[in-house]
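See structure below.
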Amino acid sequence: MKIKLPTRLHPLGVSYSIIYKTKVTENNDELSGLCDPHKRTIEISLGNNLTAEEVFSTLFHETIHALLYQSGLSSILDNEQVEEGLVVMLENSLAPHIKQKSGLYSDWKEIEIEGK
C-alpha cells in the first residue's frame, strides 16, 4: 500500500529531514519513531504491518518532540516521563486533525508501507 507522507518538517522555522525505514532502533531497542534534534532528523518505522493512521500518528508524536526541543521547553521538562506523557496526550488529541493543510510538513511524496 502507498500513502502520501511528508519528507520535511519545519518546527518553529527549523528544517528537519523525515526518514522512513523498515526498522528504527536506538540502543538496540526497536522503536516506532525517533527524533534527533541535534541531527535535525526524524526517523519513522514502516515495519510491523502498521496502518497509515499509525504511521502518521507516530510522525506527529516525533514532531511534538521536535517542537518541544526547538521551543526550549524540553530542557525545562527535566523528566523524560513528563515530556513523553505530554507528547502522548497531544498526539492522541491532535494527530487525527492535523494533516497536509497545517503547513508544518512539506515535500509530500508517495511512500510504500507494509501496512494493513
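A short reminder: the numbers here are calculations on the coordinates, not readings from a lab. Quantities reported herein were computed from a predicted structural model and do not represent experimental measurements. Cβ atoms come from the backbone with ideal geometry, glycine included; neighbour counts cover every protein chain shown.
The figures follow:
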{"item": "Dipole of the chain, positive end: most advanced residue of 32, 13, 50 [Cβ charges, Cα centre]", "result": "13"}
{"item": "Cβ-placed point charges (K, R +1; D, E -1), dipole of the chain about Cα centre in debye, nearest 20", "result": "640"}
{"item": "Reachable aspartates and glutamates from residue 2, criterion Cα separation under 17 angstrom, eight or more residues apart if same chain", "result": "53, 54, 107, 110, 112, 114"}
{"item": "Value of relative contact order over the chain, rounded to a whole percent, pairs C-alpha under 8 Å and six or more apart", "result": "39"}
{"item": "In degrees, nearest ten, helix 52-71 long axis to first principal axis of the chain (Cα)", "result": "30"}
{"item": "Principal axes of the chain: Cα extent on each, largest first, Å", "result": "41, 34, 27"}
{"item": "Highest to lowest packing among 2-8, 75-81, 105-111, scored as the average C-beta count within 10 Å", "result": "2-8, 105-111, 75-81"}
